[in-house]
Structures are given as C-alpha cells and as structure tokens.
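Each value in this text was obtained by applying a stated rule to the coordinates, not by laboratory testing. The shown structure was predicted, so the numbers you read here are calculated from the model rather than taken from an experiment. Cβ sites come from the backbone with ideal geometry, for glycine too, and all protein chains shown count toward neighbours.
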Amino acid sequence: MFNLDNYQALFKEIDRDKDSIIQTLIAYSEINTGSYNLDGINTFTNRLKNDFACLQADKLETHKLSPFSTINAQHEIVENPLGSALSIQKRTKLNNTVLLSAHLDTVFSKESSFQKTQWLDPQTLNGPGVADIKGGIVIILWALKYFERLETCNSIGWEVLFNPDEEIGSPGSSSLIKEKAAKHQLGLVFEPCLENGSLVSNRKGSLNFSILCEGLAAHAGRHFNEGINAIE
C-alpha cells in the first residue's frame with residue numbers, strides 16, 4: 001500500500017531545492033519561444049538537453065517537423081517552417097512505461113513586450129509561459145530527478161516528449177504525439193490545472209480552417225449589379 005510517510009526525506013529534499021526550482025523556471029520563462037521563433041525554440045531545446053543530461057537517459061532524439069501550409073490575403077499558399085520536437089527516453093523497453101508531454105512554444109512572439117518575469121507578490125511569479133507550460137516542464141525535470149533516486153524507478157520506463165507547435169494547433173507534431181502515445185501505458189500532459197487546483201482530465205479539441213472566397217468587388221448601393229457575391 002502506498003504510504004506518504006515513506007517519502008518524508010524526499011519531501012524535505014524538495015523543500016531544500018525550492019530556490020533552484022524557481023530559478024530554473026525564471027530562466028526558462030525568459031527564453032522567448034514564440035511558435036514562429038525558431039532560434040528561440042532551438043536555444044531552449046539545447047538548454048533542455050543539458051538540463052536533462054543528469055537523468056542519464058538511454059536515448060535522446062530530435063524530430064524534424066514538416067512545414068505547414070497557410071493561405072495569405074493574396075490567396076497564396078505559404079509554407080511555414082517549424083522547430084523540431086525533442087524526445088528523451090529511459091527504460092522504454094519495460095512493460096510499464098509512461099509518456100510525459102509538454103510543449104516548447106508559448107503564445108508570446110519575440111516582438112512581444114512581455115519577455116521578463118516579475119514577482120506580483122511573494123507567492124506569485126508572473127512571466128511568459130510560467131504556467132503554460134514552462135512551469136510544467138520544470139515539474140517534469142525535477143520530478144524525474146527525484147523519481148530516479150527511488151529504488152522503484154527501475155520498474156518503470158519513461159519518455160519525455162516536447163513539441164514546438166502546440167500553441168498553433170500542433171500542425172506538424174500531432175501525428176508524432178499519437179505515434180509516441182500508442183507505445184505507453186500512461187500519458188501525462190503538464191498543462192496548468194484550473195484556478196481552484198482541480199486537474200483537467202479531458203477537454204474539447206480544436207480545428208483551424210482556411211476559407212478561400214473569390215468574387216468581384218462593386219459598390220453595394222450604386223453598382224451592385226456589377227459585382228459577384230463571393231459566398232453565394
């Protein structure tokens with residue numbers, strides 16, 4: 001039976017590491033990783049490779065994603081490049097494995113004025129991606145550090161998957177996520193909880209549409225007969 005009393009020493013370690021954990025979050029937050037900032041995403045990926053190295057993973061892979069297509073105002077198809085996904089794996093050949101997932105990108109572009117963290121009060125840190133989802137990435141990193149110290153760690157394998165395009169609908173990584181998820185018995189996504197602390201177990205999906213309408217512009221009052229309705 002699971003007994004929290006057996007982990008009191010570990011909880012004390014977590015308390016002692018609090019400042020280091022917070023400093024990690026601040027450093028991550030202040031690396032701009034807007035979905036289209038490929039240089040920033042690459043910088044953050046390299047930082048994560050270094051930080052996760054202490055876990056002595058069996059395999060580290062980067063997955064180059066194909067560009068995704070959009071249509072601009074001139075009705076031209078534009079190919080948009082994406083950053084690469086990052087996979088870190090350990091003991092994944094065991095029967096019991098878990099997928100830990102988060103995304104590298106945030107909604108704040110490199111042109112945004114919101115680039116730095118600040119303390120709103122002694123308990124509240126404000127910054128780009130602090131909650132969604134760089135705080136989740138910090139939890140993954142430090143949770144695995146503590147997990148790997150337990151005797152039971154050798155009975156469970158894990159894979160961490162970071163995708164670079166979640167905030168724009170995961171157009172390049174959705175198939176990779178599905179492929180990875182099918183290989184594991186459990187999947188955990190480290191998005192923030194609700195304001196009251198409740199965990200989110202499921203949610204609605206989303207779709208992006210590009211609708212192309214062609215017509216002929218004309219004055220709606222005087223020369224409407226010269227126009228062609230684009231959506232009729």
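Taking the criterion of being under 30 Å from A73 (Cα atoms) and not in a strand (DSSP E or B), would at least one residue in the range 188-204 satisfy it?
Taking the range 188-204 first, the residues under 30 Å from A73 (Cα atoms) are 204.
Among the residues that remain, those that are also not in a strand (DSSP E or B) are: 204.
Yes, the conditions are met somewhere in the range 188-204.
The C-beta contact set for the range 54-65 (first residue touching a residue at least 12 places away in the same chain (Cβ under 8 Å) and surrounded by 13 or more Cβ atoms within 10 Å (Cβ to Cβ), second residue assigned to a loop (DSSP other than H, G, I, E, B) and among the aliphatic types (A, V, I, L, M), distance under 8 angstrom, 6+ apart or interchain) comprises L65/L82.
Identify all residues within the range 208-232 that are under 30 Å from I168 (Cβ atoms) and among the acidic types (D, E); write none if there are none. Selection gives E214 alone. Among the residues of the range 72-98, the ones that are under 17 Å from Q56 (Cα atoms) and of a type in the set (D, E, K, R) come to 3 in all. Listed by first and then second residue, the pairs with beta-carbon distance under 6 Å, at least 6 apart or on different chains, first residue in the range 81-101 and within 20 Å of S175 (Cβ to Cβ) and free of Cβ contacts under 8 Å to residues at least 12 places away in the same chain, second assigned to a loop (DSSP other than H, G, I, E, B) and among the aliphatic types (A, V, I, L, M), form an empty list.
Checked against (1) surrounded by 14 or more Cβ atoms within 10 Å (Cβ to Cβ); (2) out of contact with any strand residue (DSSP E or B) (no Cβ under 9 Å at 6 or more places or on another chain); (3) within 25 Å of T92 (Cβ to Cβ), W158 passes all but a single condition, namely (2).
Within the range 145-174, if we keep just the residues that are of a type in the set (D, E, K, R), out of contact with any Pro (no Cβ under 7 Å at 6 or more places or on another chain) and part of a loop (DSSP other than H, G, I, E, B), the residue that is nearest to F190 (Cα to Cα) turns out to be E148.
If V138 passes every condition in (1) surrounded by 12 or more Cβ atoms within 10 Å (Cβ to Cβ); (2) assigned to a strand (DSSP E or B) but one, which one does it miss? So V138 meets the others, but not (2).
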